[in-house]
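The values are calculated or read from the model by the stated rules, or taken from the named source; none is laboratory data. Computed from a predicted structure; not experimentally measured. Positions of Cβ are backbone-derived with ideal geometry, glycine not excepted, and every protein chain shown enters the neighbour counts. These area figures cover heavy atoms from the full protein model, side chains too; ligands, DNA and RNA do not enter into them. Shrake-Rupley method; radii C 1.70, N 1.55, O 1.52, S 1.80 Å.
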Amino acid sequence: MPGEGRKGALGRTGILPSQALRQLIAAGEIAGAPAIEDGQIQPASLDLRLGKVAYRVRASFLPGTKATVRDKLAGLTFHEIDLTKGAVLEAGCVYLVPLIEHLNLRSTIAAFANPKSSTGRLDVFTRLIADYQESFDSVAEGYKGPLFTEICPRTFSIKVRYGSRLNQIRFRRRVSQQIDAEAPGRVGDRRLRAIHSDVGLVEGEAAIRDGLNLRISLAPIEAGGLIGYRARRYAGVIDVDTIGGYDVEQYWEAVHLGGDKRLVLDPHEFYILASKESVSVPPEYVAEMAPFDPMIGEYRVHYAASSTPVFGYAEGKAPGAKAVLEVRSLDIPFIVEDGQIVGRLIYDKLTEVPETLYGQGIGSHYQAQGLKLSKHFRQE
């Protein structure tokens, strides 16, 4: 394969940056028809595009090691939906969409996916599925085949179309074939403490244990005592490709400061809140929120998509940007208090610094953010 064993982005262990993604595209290891657009390539990930048809399915599923996605799809489809002219995906329903992109990876490269920031902040649940895989959002080393995305709008019904981008994929290269206890490139706590000492991952002291621990802010970080938003059900359809076209008040209820600095999360309601810390990601790293941890409470917290290189980072220092948190209580009401630990960021090492960094000419909506809804809403 072109680039195999070369020095540089494709010759080291870790997450591949934009220049390495371009090499994989040129080599045919990442492909699509129509061809992949330059705007899909992010500093450390690739935006994935929806294909021409969506399948309304009975339930979520995985193909397992003995079947393709289409093998399982045949017995689970209610009906097909044409996406070429746009279509509404209704809240509470499950859809499967073949993606335009497909993979032909070499044996040392694996992939994993997550929702784009704007997708997560709309409470749209997306997961990548690939043939013969036993888990969501991951593709084994050397995978050759199609990709699909499962879409389940939770609160708002959404309008999508052929080419819409709801999730993104990252690629991890392993130089050694030895099976590591952790994913190759994963940054341990000792190294995190050293990075924090050097540039500052957060302001002040960092709580580092199995990653960078984040605390929730229930103190006002906006005018008028605003601490967050709770989604309004049955508010209307949101077109995922419309930027700044919707009124906040129609879709969101403002959550204001309480005297005791605590918030009761209502079961199955969706909240947008923010971290107490301002977080930064230096240019050699990416970060994402660890999966739900039942040890810290019966709720799910996700940090909208992943933190790309130089998120909250500028001029060699780390002033930081708030981590916007997507929060949902599960089956019971749950109280969170100001400063309570709600999750942790896991950092990964890039094989090299990306050619283009987050916020530098890539049209970023979330660099140096405070409490911010998705780009679909009009906010001052």
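Check whether at least one residue in the range 52-70 is within 17 Å of L103 (Cβ to Cβ), open to solvent by 20 Å² or more (accessible area, probe 1.4 Å) and at pLDDT 95 or above, and report yes or no. The answer is yes, given that some residue of the range 52-70 is within 17 Å of L103 (Cβ to Cβ), open to solvent by 20 Å² or more (accessible area, probe 1.4 Å) and at pLDDT 95 or above. Within the range 95-123, the set of residues being assigned to a strand (DSSP E or B) and modelled with pLDDT under 95 comprises F112, A113, N114, P115. Only residues that are free of Cβ contacts under 8 Å to residues at least 12 places away in the same chain and either under 23 Å from N114 (Cβ atoms) or among the β-branched types (V, I, T) (or both) were counted across the range 241-293, and they come to 2. In the range 209-260, of all residues being among the charged types (D, E, K, R) and under 26 Å from L345 (Cα atoms), the one that is modelled with the lowest pLDDT corresponds to E222.
With respect to Y132, is the statement that it is in contact with a Lys or Arg (Cβ under 8 Å, 6 or more places away or on another chain), within 30 Å of Y271 (Cα to Cα), of a type outside the set (A, V, I, L, M, F, W, C) and not in a helix (DSSP H, G or I) true? Judged against the criteria, Y132 is not a match. The residues listed here are G92, G142, G75; of these, the one that is without any contact (Cβ under 8 Å) to a residue 12 or more places away in the chain and in a loop (DSSP other than H, G, I, E, B) is G75. Restricting the range 257-280 to residues that are part of a strand (DSSP E or B) and more than 20 Å from R328 (Cβ to Cβ), the residue that is nearest to the chain's Cα centre (by Cα) is V279.
Residues in the range 168-191 that are within 18 Å of V281 (Cα to Cα) and open to solvent by 60 Å² or more (accessible area, probe 1.4 Å) were compared, and the one that is modelled with the lowest pLDDT is R186. One residue is enough: does the range 143-158 have a residue meeting the conditions open to solvent by less than 30 Å² (accessible area, probe 1.4 Å), under 23 Å from D210 (Cα atoms) and at pLDDT 95 or above? Taking every residue of the range 143-158 in turn, none turns out to be open to solvent by less than 30 Å² (accessible area, probe 1.4 Å), under 23 Å from D210 (Cα atoms) and at pLDDT 95 or above.
From the list L325, L330, L345, the one residue that fits, being at pLDDT 55 or above, closer than 30 Å to R174 by Cβ and not β-branched (V, I, T), is L345.
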